[in-house]
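Engineer: Right, I'll just put the structure down here and ask away after.
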Amino acid sequence: MGLNDQTRRQEWWRHAVTYQIYPRSFADGNGDGVGDLPGITSRLPYLRDLGVDAIWLSPFYTSPQRDHGYDVADYRDIDPLFGTLSDADDMIERAHELGLKVIVDLVPNHTSSEHEWFRAALAAGPGSPERDRYVFRDAGPDGSLPNNWMSVFGGPAWTQAPAGPGEKEQYYLHLFDSSQPDLNWRNPEVGDMFVEVLRFWLDRGVDGFRVDVAHGLFKEEGLRDQVVEAGRTASSDARDAADVPMVERTLRDEPMWDQPEVHDVYRRWHEVLAKYDGDRMFVAEAWTQTPESMAAYVRPDEFSQAFNFAWLLASWSAEEFAEVVRGTMEAVGLVGGSPTWVLSNHDVVRHVTRYGGGALGLARAKAATLTMLALPGSAYLYQGEELGLPEVDVAAEHKQDPLFIRTGEGGRDGCRVPIPWSGAAAPYGFGPGGEQPWIPQPDDWAPVTVEAETGDADSTLEFYRAALAARRTFATSAGDDVELLELGADVVAFRRGPVTAVLNCGTEPVALPAGSVFLASGPVGDTLPPDTAAWLR
Ligand code: GLC
């Protein structure tokens, strides 16, 4: 290994465990029922003690909150709901004092419709340089839409812009909500603006960026219709594939995603980050269709990492899990990148519930987590998973997700319910007083508060603490090689450095390989029970 390789291997993010904070639901400092930056700062010692290395915060920028901050009106200021720039500085400083790195969210595919650029675009009218920063197109002669693209949140991806007297009728593109107009990345002003935004936050001391919809930005020139297979809707985002078994997935036609031009943007950003000290990093939220297309985002001169959604999308099957490990290590190996693992985030059903809910779902969730924490690369945790929180069945009148508002179905509110910190009833210490949070918490959460789980050796929280502590002692030195072991069709097993990890996805106990168990996700005897994982050495 050459000197360069050695330096690269030591970058903090290659082995980090990063904890995702969804600011409005983490901790409320001012008692308005919505989480905020001072609330986060006050709880940072909890995260240090949990044993994570970094935090990633979903957006806290100025925003009308139509998509809870993923609709940014000003990339260089804080929404008053969350605090001020000085609160952000305090949060970053405190995190660094505690040895935690800070990753912030960057949303470059679209702005809010209240961003000054979009207001100017509407005011300036068709053909103007202001409209050229977004994707405006003339309506057809009969008023028809420019193409057949659908919004990820349901309905057409086009909304008509108000037309002044005598003006041509135009539509603007929004691959998400109509309040999230897509930027035109073929206009150089757009790229220049984002470089300024990166520098703004790097200068304030952030250690990295999580890049929202990194597979977006560029659309195929000409904006042709998407070819839609029979029986499938045109709404296209690879996460829709969650309910299609991996083996049956075929590639979809996606002229709106994953275009080759996008990689030039990330090469430029890579150079911007490289000029700063301290191994600044950026991680892609890229819902690409294959491990190979994901790997393209983590070539040595692009992103540091990309979320590995294949792990999250895998169903409870040893075959699928093992296949994802194999495929990920291969794909990432091709470009010398570092793998990532994630089971939950603010967009998907919590993994306790995905794996069946109740005691079974929790056992499986802990087992999958323990398996993931033994793998090389870095792991991303989502707030509340360390408490074993399930998805909440949120009543329709409380749902705020634009996905639900546009379609009347589903929505991601159920994984965004505020964290229960203490006490026997809602709001479970979420804020300083008795104010109820922006979305109601269930009545039966008293046993899963941080307070209730702390010190209880059988709790999910103490399990996470033990697992993260154990990982710290070996993960950074265990190397990146994984040797998959054949222990039967229902078992995922691999050796990494001194540790062997075994996961039983079947219905019968299985024999353990040689070694002594030093950590397990549930009770283990001479054999490994179903829905359980163990680490041996
Ligand atoms: C990403 C975010 C999601 C958001 C969408 C639009 O997928 O994770 O929460 O709604 O982008 O910005």
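Engineer: At 1.4 Å probe size, put Ser42, Ser179 in order of accessible surface, largest to smallest.
Structural biologist: On the way: Ser42 80, Ser179 5 Å².
Result of the area sort, largest leading: Ser42, Ser179.
Engineer: Determine, for each peptide in 458-468, 366-376, 399-409, the mean count of other beta carbons within 10 angstrom over its residues, then list the peptides with the highest first. Let's see the in-between values first.
Structural biologist: Values: 458-468: 18.9, 366-376: 24.9, 399-409: 16.9.
Descending packing order for the listed peptides: 366-376, 458-468, 399-409.
Engineer: With every protein chain left in place and a probe of 1.4 Å, what is the accessible surface of Arg210, to the nearest 10 Å²?
Structural biologist: Using a 1.4 Å probe on the heavy atoms, I get roughly 0 Å².
Engineer: Also, quick follow-up: Tally up the carbon and sulfur contribution to the accessible surface of the chain as a whole percent, 1.4 Å probe, everything protein left in place. Provide the component values of the computation, followed by the final result.
Structural biologist: Numbers: 10360 of 20290 Å².
Accessible surface attributable to carbon and sulfur in the chain totals 51 percent.
Engineer: What does the convex hull of the Cα atoms come to per residue for the range 481-536, in Å³? The partial results should precede the final answer.
Structural biologist: Values: hull volume 3.9 nm³, N = 56.
Convex hull of Cα atoms, per residue: 70 Å³.
Engineer: Hey, any idea what Rg/Rh is for the chain, computing Rh the Kirkwood way over Cα pairs?
Structural biologist: Values: Rg = 23.1 Å, Rh = 24.1 Å.
Using Cα coordinates only, the ratio equals 0.96.
Engineer: Kindly report, to the nearest 10 Å², the accessible surface of Glu319 as traced by a 1.4 Å probe over protein heavy atoms only.
Structural biologist: Around 140 Å² of this residue is reachable by solvent.
Engineer: Within the set of other residues whose C-beta is less than 9 Å from the C-beta of Asp53, count the net charge using Lys and Arg as +1 and Asp and Glu as -1. Write out the running numbers ahead of the final one.
Structural biologist: On the way: positive: Lys101, Arg472; negative: none.
Once all neighbours under 9 Å are counted, the net charge is +2.
Engineer: Also: So how tilted is helix 358-374 from the main axis of the chain? Cα-based, degrees 0 to 90, rounded to 10.
Structural biologist: 90
Engineer: How far is helix 318-335 tilted off the main Cα axis of the chain, in degrees rounded to 10, range 0 to 90?
Structural biologist: For 318-335 against the chain, the angle is about 60 degrees.
Engineer: May I pose another question? If you take every residue apart from Glu97 with its C-beta less than 11 Å away from the C-beta of Glu97, what net charge results, scoring Lys and Arg +1 and Asp and Glu -1?
Structural biologist: With Lys, Arg at +1 and Asp, Glu at -1, the net is 0.
Engineer: So what does Val450 come to for accessible area, using a 1.4 Å probe and Å² rounded to 10?
Structural biologist: The accessible area of Val450 comes to roughly 20 Å².
Engineer: On to the next question. Pairs of Cα atoms under 8 Å, at least six residues apart: use those to get the relative contact order of the range 481-536, whole percent.
Structural biologist: Working: 107 pairs, mean separation 17.4, N = 56.
About 31 percent, as a whole number.
Engineer: Here is a follow-up. Largest first, what is the accessible-area ranking of Asp279, Asp182 with a 1.4 Å probe? Write out the running numbers ahead of the final one.
Structural biologist: Working: Asp279 70, Asp182 0 Å².
Result of the area sort, largest leading: Asp279, Asp182.
Engineer: Here is a follow-up. Defining a contact as two alpha carbons under 8 Å apart and six or more residues distant in sequence, what relative contact order in percent does the range 116-173 show? Can you show the working numbers first?
Structural biologist: Values: 82 pairs, mean separation 18.8, N = 58.
After rounding, I find 32 percent.
Engineer: Over the C-alpha atoms of the range 117-184, what are the Rg and the largest Cα-to-Cα span, Dmax, in Å?
Structural biologist: For the range 117-184, the Cα radius of gyration and maximum Cα-Cα distance read 11.3, 33 Å.
Engineer: Note the angle between two axes, namely the Cα long axis of helix 188-203 and the longest principal axis of the Cα atoms of the chain, as a number of degrees from 0 to 90, rounded to the nearest 10.
Structural biologist: In the chain, helix 188-203 runs at an angle near 40 degrees to the longest axis.
Engineer: Still on this structure: Using a 1.4 Å probe, what is the accessible area per residue for the chain, in Å²? Don't skip to the answer; put the middle values down first.
Structural biologist: Working: 20290 Å² over 537 residues.
Result: 38 Å² of accessible area for each residue.
Engineer: Oh, and also: Could you give the radius of gyration (one decimal) and Dmax (whole number) of the Cα atoms in the range 396-489, in Å?
Structural biologist: For the range 396-489, the Cα radius of gyration and maximum Cα-Cα distance read 19.5, 54 Å.
Engineer: For the range 34-132, max minus min Cα coordinate along each principal axis, in Å, sorted largest first?
Structural biologist: Rounded to whole Å, the extents work out to 55, 21, 20 Å.
Engineer: Taking the Cα centroid of the range 90-120 and of the range 15-64, what is the distance between the two, rounded to the nearest whole Å?
Structural biologist: 13
Engineer: Using a 1.4 angstrom probe with every protein chain in place, what is the largest-first accessible-area order of Met91, Met329? List each step's numbers first, then the result.
Structural biologist: Details: Met91 0, Met329 50 Å².
Output order, biggest surface exposure first: Met329, Met91.
The values are calculated or read from the model by the stated rules, or taken from the named source; none is laboratory data. This one's a predicted model, so the numbers in the text were calculated from it and none came from an experiment. Heads up, the Cβs are rebuilt from the backbone with ideal geometry, glycines too, and the neighbour counts pull from every protein chain shown. Calculation scope for accessible area: heavy atoms of the full protein, side chains included, ligands and nucleic acids excluded. Shrake-Rupley method; radii C 1.70, N 1.55, O 1.52, S 1.80 Å.
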